Every structure is written in C-alpha cells, then in structure tokens.
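The values are calculated or read from the model by the stated rules, or taken from the named source; none is laboratory data. All figures in this text were calculated on a predicted structure; none of them were measured in a lab. Every residue, glycine among them, receives a Cβ derived from its backbone with ideal geometry; neighbour counts consider all protein chains shown. SASA here: full protein model, heavy atoms, side chains in, ligands and nucleic acids out. Shrake-Rupley method; radii C 1.70, N 1.55, O 1.52, S 1.80 Å.
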Amino acid sequence: MIPPLIWALGFANLPLIYGLGAASLPVIIHLLNRRKFREERWAAMRFLLAAIRKNQRRIRLEQLLLLLVRTLIIAFLVLAMAKPYLESAGALPIIAGRRTHRVFVLDGSMSMGYATADATRFDQAKGLAARLARESRRGDALSVVLMADPPRVVIGDPSPNHAEVVKEIEQIAMPQGGTDLTSSLQAVDRVLDVSTIPQKEVIFLTDAQTASWRGAEGSARDGLKRVLARIAARGPRTVLIDLGQAGSENRAIVDLKLNVPLVVAGSSALVRASLKNFGPRAAEGVTARLTIDGRLGPEQVVDLPVGEEVSVAFTQTFPVAGDHLVEVKIDDDPLILDNRRWLSVPVRENLSVLLVDGAPKSEKFASETDYLATALSPESTTEGAPSTMRVEVAPESQLTRRDLAPYDAIALCNVARFTREEVDALDDYLKLGGGVIVFGGDQVVPENYNQMLFADGKGLLPAALGPTVGDASKKARSFGFDALGFKHPIVAPYAGESDSVVAGLTSARSWQYETLRIPPGSSAQVALAFEGGNPAVVERPRHRGRVIQVATSADADWTTWPLHHSYPPIMEQMVYQAASGRLDERNVRVGRPLEQSLPAAGSEAPASVRLPDGREVSTRLPAAGSTSRLNFEETEICGPYLVKIGPPIARETQFAVNPEPLESDPAKLDKAGLTQALPGLDFAYLTSGSELAEAAGSVGARGELHRGLLEAMLVLILVETVLAWIFGHHPPKS
C-alpha cells in the first residue's frame with residue numbers, strides 16, 4: 001500500500017509516466033505519411049526520381065534528425081512533469097531526485113561573534129543556513145542543531161516546512177560560551193537516528209576554531225571516535241563550511257580577580273585584570289577602564305605584545321557592605337564579547353567565625369580556642385584598627401543546636417569525636433558555601449575521624465589520620481615548617497619578605513603532630529608541610545565551601561606556633577581561604593549554572609533572575625535535603641545577573657557570568673587539522689565565497705535532473721524550429 005504522503009505526491013503525476021508513449025507520435029506520423037499517397041508513374045517522373053535519388057540520403061538524415069529532436073522534446077517534458085511521482089516511488093532517482101534529510105549544524109561558540117563588515121560570523125552562518133533551507137527541494141526535510149556547551153537541538157524531527165525552519169534559524173540567539181564537541185556530535189547523531197529518510201546530509205557552518213574542534217583528549221577521545229563512527233555508518237553526505245579566517249586579530253580580558261578571597265567593608269583590595277593579545281601584531285596604547293557599580297573609575301593604558309599576557313591592577317576601597325559589581329573594559333575590536341569582564345564582590349561588614357572548643361577551661365589560655373580567638377580578634381587599642389572578624393566560642397555540645405548558616409567559617413579545635421548528626425550539620429553548612437577548619441589535639445580519636453569525617457575519601461576531611469609523630473609530653477624532638485615556596489594562598493603573603501619576617505613562620509616548632517594521609521587522585525593541596533615532607537596544613541573544596549585540616553593543635557600543647565608572630569596572620573589567611581567559597585559561587589563561566597545553597601526555610605520560595613539583556617526569568621527554589629537551592633541554568637550570555645528571592649526569606653544576590661578565555665584565541669584548524677580532529681568522518685571542506693555560493697546551489701539541487709530536462713526541452717524546441725526552417729527552405733540539388 002502506498003503511504004498517503006507518497007500517494008498525494010504521485011496521484012496527479014502518475015498518468016504522465018504513460019505519457020512517455022506520446023514520444024512515439026512523431027514516429028507514427030512519419031510512418032503513416034509514408035503510406036499516405038498512391039504511386040502513379042508519368043513521363044517526367046524519371047527526372048524527379050533522379051533528383052530524389054541524388055538527394056535521398058541528405059533528406060533522410062534531415063528527417064531522422066528532426067524526428068529525434070521532436071521525440072526527445074516529448075520525452076523530456078513527460079519525465080520532468082512526472083518527477084514528483086518518480087521521487088515518491090523511489091524510481092529513477094538520478095532523474096527524479098530523492099528526498100533528503102538535511103541537518104544544519106551551527107557553531108554557537110563565542111568566537112563566532114567575530115564581526116567583519118558589520119556582520120558576525122554567526123550571522124553569516126544563519127544567513128547561509130536560511131538560504132540553503134529556502135533553496136531545498138519540496139519534500140526535503142530539515143533539522144537544526146546548535147553546537148554549544150551544552151548543545152541544543154533547535155529542530156529535531158525532520159521538518160518539511162521550510163518557511164518555518166527559516167524562521168527558527170533567524171530567531172536563534174548566539175550563546176557566548178564554548179562548545180562540547182562530543183556532546184554536539186551526539187546530538188547530531190540522535191537527530192539522524194530518528195529520521196526515516198534514507199538520504200541524509202549534515203552541513204556544519206563554523207569558523208573552525210581550534211578550541212571548538214580539537215575535542216576531547218585521552219580516554220575521552222574514545223567517546224568522540226564512537227559517535228563519529230555512528231554518524232559515518234548512517235552514510236550522510238557531510239559538508240563543513242569554514243567561515244573563519246587565519247591570522248585574525250583579537251585582544252581580550254582573560255581574567256579578573258581580587259588579591260583577597262573575601263572583602264570587609266572599609267578595607268582595600270587589589271583588582272587585577274589580565275589582558276592578552278591573540279593577534280599577529282602588537283597592540284599599542286590599549287586602555288583598560290575600571291567601573292564599580294556602574295560608576296567609572298580609573299583607567300590605565302598598556303601595550304600588548306603578541307601572545308603575551310599583561311596584568312593591570314587597580315586599588316579599590318569598598319566602604320559599604322553589600323554586593324558590588326566590578327567591571328573592567330578595554331577598547332573594542334572585532335570580537336567585542338571578550339573585551340569586558342565582571343566580578344561580583346560580596347563585601348561583608350565583618351567575618352563571623354565560630355570556634356568550637358573540644359576542651360573548654362576557665363583559666364586563661366588553657367582552653368583549646370584561646371590563642372586562636374586572640375589571634376583572629378585581638379582587643380582594639382587606640383593605636384590599632386578594630387578587627388575585621390567577629391569571633392564566637394562554643395563548646396562541642398552546642399554544634400548541632402546553633403544555626404551555622406550565618407558564620408563564614410567554623411574552626412573545630414581538638415574535638416574528640418563526632419556524631420552522625422554533627423557530621424550532617426557540618427556537611428550542610430559546607431553546601432551553603434561556608435568553611436571548616438579542623439585542628440588536631442590529644443583528645444582526637446583517629447578511628448572516629450576516619451570513619452565519620454574522612455569516610456574513605458568521600459567525607460569532608462581531605463586526609464585520613466595516621467599515627468602521631470613525636471611526643472609533646474617529652475619534647476625531645478621538634479619539627480619546623482616548610483612553606484613549599486609560599487605558593488598556596490594561606491602562606492603567599494610571606495613570599496618575598498625578609499628572612500627575619502619569614503623566620504616568624506619557619507622558626508615555629510612542633511613537638512607532636514598527626515600524620516595526614518591524602519588519598520591518590522585527591523584535589524587536596526598542601527599549603528604548609530613539616531620538615532621531612534609530611535603535610536602540616538591541607539586544603540580541599542567541599543560542595544560550595546572549603547575544608548582546611550591542620551595536623552597540629554590550635555593551642556600551645558603540641559606546638560610553639562601560637563607564640564610566634566606568624567600565627568595571627570596565617571590564622572587570618574586560613575579563615576579567609578576557608579570562607580572564600582562564598583565569593584567563588586558568585587562568579588562563574590558562561591554556560592555554567594548559578595548555584596547557591598540557602599536555609600531550608602527558602603524551600604519553594606519564588607525567585608526572579610534579571611539577565612544582562614534586561615529580561616527577567618521567574619523560578620522557585622527546590623528543597624535539597626536540609627537546605628534549599630538556587631540552580632539557574634540559563635546563563636548563555638555574559639554579564640551581571642541579579643537574583644531576587646523571597647518571601648519567606650528575602651535576599652538579593654549579584655552574580656557575574658564571564659566568557660571562556662579559550663574562546664578568545666582565534667587560532668583555527670585547516671582541512672588537515674579538521675580531518676585529524678574528526679577521525680573517520682569523510683567531509684567536503686569549503687572555504688571561499690565562490691565555493692559557498694556553489695555549495696548552496698549543489699546542496700539545493702543535488703540528485704535531481706528535472707530542471708535540466710526542462711532546460712534541455714526548451715533548447716530542443718528552439719533547435720527544432722531552426723532545423724525545420726533550414727531543411728524546408730533550401731532547394732534540392734538536381
């Protein structure tokens with residue numbers, strides 16, 4: 001049974017196939033005319049017969065030539081008019097053409113925003129895709145996939161409505177992030193998989209940027225090869241149209257950060273922007289401008305050598321607590337999307353720190369937290385500024401009775417053991433972006449720590465506890481610190497200081513410490529070590545927060561550190577580093593979600609997000625265990641995002657979404673590089689404007705000859721007229 005669609009295409013044209021019989025009419029007429037007259041001999045006949053015999057061969061050739069031309073005219077007309085039926089029936093595909101499922105794959109990476117002649121490469125790609133869609137044959141089905149990270153299937157099911165496909169293509173907004181090549185090809189494979197049309201085409205429109213097309217490396221490359229093999233097995237004709245240009249110029253801001261992990265109101269911070277010139281020529285006199293909360297600040301003019309990164313720094317004071325938006329902008333170039341970068345800075349009135357004392361005592365400096373509390377919040381004097389930290393001390397028994405959310409950091413000092421309830425409370429606190437610092441001591445039960453806090457590397461501690469080294473009761477042997485080149489932020493302020501200043505850290509001695517065993521493959525970093533190499537301070541991210549583990553005690557029982565000048569600044573840096581997760585969550589790369597954990601009271605609270613282009617999107621906060629969570633994924637464009645939450649909780653939070661630095665590099669792959677990047681995929685590679693125009697025509701009419709048949713028919717009609725006139729108006733030769 002013929003499917004309804006095929007029957008609809010073929011019903012009106014099916015009789016035309018039988019019209020091929022009409023091509024025999026000129027032959028029949030010719031044969032009939034030969035028998036139309038009765039032969040009679042008369043006297044002058046011999047002269048006429050002699051003339052005919054003399055011109056017979058020429059006349060016969062002329063007649064046969066006219067007969068052939070007239071026959072071809074009818075045959076070409078019938079075949080051209082019967083094309084829809086032949087196509088639907090799958091007969092004579094070289095004459096009728098076959099339905100094609102054409103998949104347009106638009107590169108949506110940020111580099112496609114490169115503008116030439118007032119049009120970006122992405123606009124050029126959309127224009128060419130729309131043109132190819134308009135020129136596609138009736139019956140062809142179209143799909144559209146956007147290469148991005150993550151990719152997006154704009155039109156998945158093959159659509160025969162070309163006008164609607166063109167509208168969809170014209171409405172696609174370019175994301176401003178990178179691409180996930182493997183995931184994008186998987187999306188293409190899924191689109192091809194659902195198609196029942198045997199003839200397929202995949203058309204990539206891209207700038208062939210290296211960052212987008214180099215793809216996965218190592219074991220992940222196996223996944224890329226598998227999806228390429230699946231696509232190749234489906235047998236599509238693949239065309240890659242390269243809209244890029246080698247040697248393109250571009251300058252970009254590739255990084256923007258503060259020199260401190262957190263900012264307290266009234267304090268100054270160094271805003272440092274990193275600028276890089278990716279072009280083939282040096283850029284001189286590039287102006288970098290600082291803007292704070294929309295108010296224009298200072299500017300600097302720098303020269304950018306080819307391929308080098310240059311840093312510009314601005315000293316900025318934040319007098320008022322709250323969220324502040326920092327922006328640095330440089331002069332525009334063809335790729336304007338990476339000429340600006342933003343930083344959301346939550347400025348605190350002060351840092352709130354909770355010290356949990358595992359062995360509280362009434363005598364001064366006898367408790368586990370006394371030295372630490374004094375180091376973090378010394379008493380103000382008329383000569384000194386008040387402390388930026390607000391410190392509270394609580395016994396271990398109150399750990400689960402307090403609301404931990406308001407604290408920026410929690411220090412656990414010589415706590416003997418932890419219950420499951422306490423561990424869960426600390427883990428929920430880390431989900432809120434808080435920081436936890438764990439000190440050792442003589443009361444610590446290693447088995448409990450390893451089971452409850454380390455949990456075979458899955459818990460919150462970055463390292464398991466091994467046996468202690470040394471004996472504080474005998475003090476027979478002591479161990480100094482190794483700052484490991486002052487590379488970690490906790491000890492970085494000592495880099496470049498004089499020997500006398502550094503001695504305040506390295507001359508501190510410890511008589512006893514816990515062995516910290518970091519599991520293989522861990523993301524933990526050693527900030528400070530003991531002489532001999534054993535870790536002294538280890539740091540690792542956990543959820544949205546950070547955990548810092550210290551192998552010695554916070555008081556003077558195991559170490560002389562609390563008695564040295566280095567103790568207060570290092571402890572302060574430790575708190576700042578632990579609490580820095582709340583700054584990190586405010587600044588994300590484009591395409592990554594805005595995430596923030598909030599108290600459980602915010603569950604199902606309404607939230608609105610104002611995007612950089614002025615649009616507002618409404619959402620709600622889902623429950624996430626004992627917390628509620630903001631998870632907003634529509635971050636395809638760069639710039640500031642303002643989130644308003646409430647009620648029942650009322651919060652307003654500023655986020656900043658920034659471009660991917662790799663996308664700023666305009667380096668591109670040629671055909672050989674693309675062939676290597678796409679192993680096993682056979683594709684046609686087009687680059688020049690003439691090739692693009694030719695590709696548009698060939699793709700639009702590939703596999704069908706009915707247009708040529710009609711054109712040939714018109715030519716044959718003209719030829720037949722001319723031949724008939726010539727053959728009928730020259731006298732026979734006698």
State whether one or more residues within the stretch 459-482 are within 35 Å of the chain's Cα centre (by Cα) and open to solvent by 40 Å² or more (accessible area, probe 1.4 Å).
no
Evaluation of Gly139 against (1) touching a Lys or Arg at 6+ places or on another chain (Cβ under 7 Å); (2) modelled with pLDDT of 95 or more; (3) open to solvent by 10 Å² or more (accessible area, probe 1.4 Å) (one fails), failing number
(2)
Would you be able to say whether some residue in the stretch 86-105 is of a type in the set (D, E, K, R), open to solvent by 10 Å² or more (accessible area, probe 1.4 Å), at pLDDT 85 or above and within 20 Å of Val194 (Cα to Cα)?
yes
I want to confirm something. Restricting to the stretch 268-291 and keeping residues that are crowded, with 16+ Cβ neighbours inside 10 Å and over 28 Å from the mean Cα position of the chain (by Cα), which single residue is farthest from Gly177 (Cα to Cα)?
Ala269
Check on Ser628, surrounded by fewer than 17 Cβ atoms within 10 Å (Cβ to Cβ) and assigned to a strand (DSSP E or B)
no
The condition from (1) open to solvent by 70 Å² or more (accessible area, probe 1.4 Å); (2) in a loop (DSSP other than H, G, I, E, B); (3) of a type outside the set (Lys, Arg) that Gly178 misses is numbered (1)
Which residue out of Arg251, Arg221 is over 29 Å from Leu335 (Cα atoms) and either within 22 Å of the chain's Cα centre (by Cα) or surrounded by 17 or more Cβ atoms within 10 Å (Cβ to Cβ) (or both)?
Arg221
Looking only at the stretch 405-422, count how many residues are surrounded by 18 or more Cβ atoms within 10 Å (Cβ to Cβ) and either under 42 Å from the mean Cα position of the chain (by Cα) or assigned to a loop (DSSP other than H, G, I, E, B) (or both).
10
Yes or no: the stretch 650-667 includes at least one residue that is at pLDDT below 90, open to solvent by 60 Å² or more (accessible area, probe 1.4 Å) and of a type outside the set (D, E, K, R).
yes
Restricting to the stretch 147-199, name every residue that is out of contact with any Lys or Arg (no Cβ under 6 Å at 6 or more places or on another chain), in contact (Cβ under 8 Å) with a residue 60 or more places away in the chain and over 21 Å from Glu636 (Cα atoms).
Val191, Ser195, Pro198
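Just the residues that are over 26 Å from Glu663 (Cα atoms) and either modelled with pLDDT of 95 or more or surrounded by 14 or more Cβ atoms within 10 Å (Cβ to Cβ) (or both), please, taken from the stretch 318-334.
Hits for the stretch 318-334 are Phe318, Ala321, Gly322, Asp323, His324.
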Mind checking which residues of the stretch 423-443 are modelled with pLDDT of 95 or more, open to solvent by less than 20 Å² (accessible area, probe 1.4 Å) and not small (Gly, Ala, Ser)?
Val423, Leu426, Val436, Ile437, Val438, Phe439
Residues (farther than 16 Å from Arg214 by Cα, open to solvent by 50 Å² or more (accessible area, probe 1.4 Å) and in contact (Cβ under 8 Å) with a residue 60 or more places away in the chain) located in the stretch 224-243
Ala229, Arg237
